[in-house]
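Everything below concerns the one structure shown next.
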Amino acid sequence: MKHFYNAAAKILAPAIDMEVAEVEGLLLLPPKPEMGDIGFPCFSLAKKLRNAPPKIASEVIEKLEVTEPFSEINPVGPYINFVLSQKALTEASVSAALKDNWGESEEGKEKTVVIDYSSPNIAKPLGVHHIRSTMLGAALSRLYKATGWNVVTVNHLGDWGTNFGQLMVAYQAAVEAGENPATDIDSQLKLYVKYHDLKEANPTLEDEARNWFKKLEDKDEQATRLWTIFRDESIKGLEKLYTRLNVSFDHYTGESFYNDKMEDTANRISEKGILKESQGALVVDLEDSADIKEPCLIRKSDGATTYATRDLSAAEYRFNEYHFTKSLYVVANQQELHFRQVFSVLDRMGYDWAKGCEHIKFGMLSFGAGVFGEERTTGSTRKGNVIFLEDVLNKSVEKAREIISENARDEEVKADIDKLSEAVGVGAIVFTEFMQRRNKDVVFTWDKALNMQGESGPYLQYTHARLSSVIKKAGIDTTNSDLTKLTSRLERNVMLKIGDFPTIVSVSTKENEPSMIAEYLLDLCSEFNRMYADKKNHQIITDDKELSAARVQLVEATRKTLAKGLDLLGLYAPQRM
RNA sequence: GCGCUCGUAGCUCAGCUGGAUAGAGCACAAGAUUUCUAAUCUUGCGGUCACAGGUUCGAAUCCUGUCGGGCGUGCCA
């Protein structure tokens, strides 16, 4: 437990004539818990003391006084290993976990972080790949909240572009044919498909679509009215899914929001004297920066602004509006160069806050063999290689329902089956997002998405249900329980894991890596289940009242930690299943 | 070509600010339930940590090079 590294370093430092901070940096976790809880390798002392590391270890230990929070300090080969006292261990795990605000901190006190995530193009339903930015961003916003930050979430919708012209063409065609076309998000996709069919027969429609978009840009009343309908309906459709995913946003300020702000931004860049003409376009030259060669395009040769200009506007707006310390962009790593350029331009504009901007990039999602043919494929709406997120969720919920009804052990579960299968089915899908570090590319396969055993969301949820059930059955008053009874190896292992939770929350926030929470929860559950399964020695409800009370406390501390972790990831923690 | 990134068990991944015998899940084989939820647990099988050099008392981890995959590389966003 990192929590005690400083205490160990303080004991050790004077004995080996080193700075506390230096010693602390060398401390590590022994590979097996029975070796000790904190280890110090003596190799680096060998030269200074002209002695063999194992000898150093045993000699240094003679000089140490064993005090709280440790009960033993042992030489193990070339290592000096500290063992946490029962008191320290139970206080930093079980007792701490049962207090309010477990795992939370005030690291981000009075600081604001803006998180831009999900940010889909509207006018078509979310595809599976959208789950990456969406769940990553949602988890990050919860992590930052838990560490005391003021969080502002933004969905930077792709709500502007020539594709709206295309929709309007298809819509008008339907109206002229005497139909009354629907405008919900699924129908919008149909209009999009219909446009492409119509265009096949009549290529001039392309000009017509451009025309419609031009009208929209010129604030034509009819075009604006249609666009507003499409946008509102899209958001309505998106929110249906966001609700299922337990995701929400403070603002839907999409691309269209910056239409009237980009001119000013472009002018400011020009005023800074960093804008130059190149091949007919206006760019900011970045050649002198370390690893960006390509210039950032601010105005195309026809004078129009670009998406870099738009993101620059958005960055300025966000700072002026929220005065952020950090501004995160949870966007696929394909856009790495783009963001490096944008951040570099902000820096050149003299904005001190530019260094708070960070691209939280993640790997791309492709489809494994068997999803679309025998080859691995990338998603493409045009080729029909799309899997809609909603379909994936529904399929998973269906499977969860089957498993739950097979296993249902009481009437309460049966009565609750709609809610439970939704929670578990969606949980399974959401959890797949956190199964690997975010930078890894992900290959979607149905098997993996629908897995409900082993390392999976349902495994965590199942464990939570199990713990809840034991606590309920025990019905023990734990107010005066004696935690010194929890001394077995397996119990200590669970407590050590519990005690790691605050550190994990803190580190995964700093690294912008929610998958660390997922990994931690799997470890926690596996550690707990190992103890739980050893019924001979670790029966929770026993005749020994005091022991039972202590164990129930341990179960509750585990359950609470698990529930908190699941909540951070956006998974529901069921009482039974 | 250049930039970013990845390469660890048959598959999917941890471990990477250097430390103890490289760990999980899936798959495969065997086992555990009269008692707190078997969506669980135990055991076994499985490794030239892509390759080659280097630095170091010590390298999966740091450095250099090579090979292989992904993404990007100015008027789509």
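Quick note: the coordinates plus some simple rules give every number you see, no bench work behind them. Computed from a predicted model, the values in this text were never measured in an experiment. Please note: Cβ atoms are built from the backbone with ideal geometry, for glycine as well, and neighbour counts cover all protein chains shown.
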Contact order relative to length of chain A, as percent, for alpha carbon pairs under 8 angstrom and 6 or more apart: 15
statement: Listed with the fewest Cβ neighbours within 10 Å leading, A:364, A:1 appear as A:364, A:1
Bridge type composition, chain A - antiparallel percent by DSSP, nearest 5: 55
query: In a shell of Cβ-Cβ distance under 13 Å around residue A:185, excluding residue A:185 itself, what net charge do Lys and Arg (+1) and Asp and Glu (-1) give?
result: -2
query: Of A:149, A:121, A:161, which is farthest along the charge dipole of region A:81-228 in the positive direction, counting Lys and Arg as +1 and Asp and Glu as -1 at C-beta?
result: A:149
- request: With an 8 Å cut-off on Cα pairs and a minimum separation of 6 or more residues, tell me the relative contact order of region A:90-192 in percent.
  value: 32
task: Using only Cα atoms, find the angle between the long axis of helix A:515-533 and the longest principal axis of chain A, and express it within 0 to 90 degrees, rounded to the nearest 10.
output: 40
Compactness of chain A - radius of gyration and Dmax, Cα, Å: 28.7, 95
- prompt: So how far, in whole Å, is the C-alpha centre of region A:210-238 from the one of region A:288-356?
  reply: 27
message: What whole-number distance in Å separates the alpha-carbon centres of region A:118-144 and region A:17-41?
response: 40
message: Just to confirm a number: summing +1 for Lys and Arg and -1 for Asp and Glu over residues other than residue A:538 whose beta-carbon lies under 11 angstrom from that of residue A:538, what do you get?
response: +3
- request: Taking GluC sites (Glu not before Pro) as candidate sites, keep only those in a DSSP loop with at most 11 other Cβ atoms within 10 Å, then name the longest stretch of chain A containing none of them.
  value: A:376-577
message: With angles folded into 0 to 90 degrees, how steeply does helix A:262-271 sit against the dominant principal axis of chain A? Use alpha carbons for both and round to 10.
response: 80
statement: Sequence order, region A:304-318: Karplus ³J(HN,Hα) from phi using 6.51 cos²θ - 1.76 cosθ + 1.60, θ = phi - 60°, Hz rounded, Gly and Pro as x, gives 6, 7, 10, 6, 5, 4, 5, 5, 5, 4, 4, 4, 4, 4, 5
- line: Length-normalised contact order of region A:1-142, Cα under 8 Å, at least 6 apart, in percent, tallies to 15
- prompt: How large is the charge dipole for chain A, taken about the Cα centre, if only the Cβ atoms of Lys, Arg (+1) and Asp, Glu (-1) carry charge, to the nearest 20 debye?
  reply: 1180
query: Across region A:414-425, in residue order, what do the Karplus-derived ³J(HN,Hα) couplings come to in whole Hz, using 6.51 cos²θ - 1.76 cosθ + 1.60 with θ = phi - 60° and x for Gly and Pro?
result: 4, 5, 9, 4, 4, 5, 5, 5, 4, 5, 6, x
Cα-based shape type of region A:319-358, given that a ≥ b ≥ c are square roots of the gyration tensor eigenvalues and the cut on a/c is 1.5: oblate
- prompt: Roughly speaking, what is the centre-to-centre gap between region A:66-97 and region A:527-577 when only Cα atoms are used, to the nearest Å?
  reply: 23
Leading residue at positive end of dipole, chain A (Cβ point charges), from A:187, A:304, A:505: A:505
statement: For A:234, A:488, A:396, ascending order of other Cβ atoms within 10 Å (fewest first) is A:488, A:234, A:396
Among A:259, A:224, A:445 - extreme Cα towards positive end, dipole of chain A, charges at beta-carbon: A:445
query: Over region A:303-389, what is the percentage of antiparallel beta bridges among all DSSP beta bridges, to the nearest 5?
result: 35
task: Within the set of other residues whose C-beta is less than 15 Å from the C-beta of residue A:310, count the net charge using Lys and Arg as +1 and Asp and Glu as -1.
output: -4
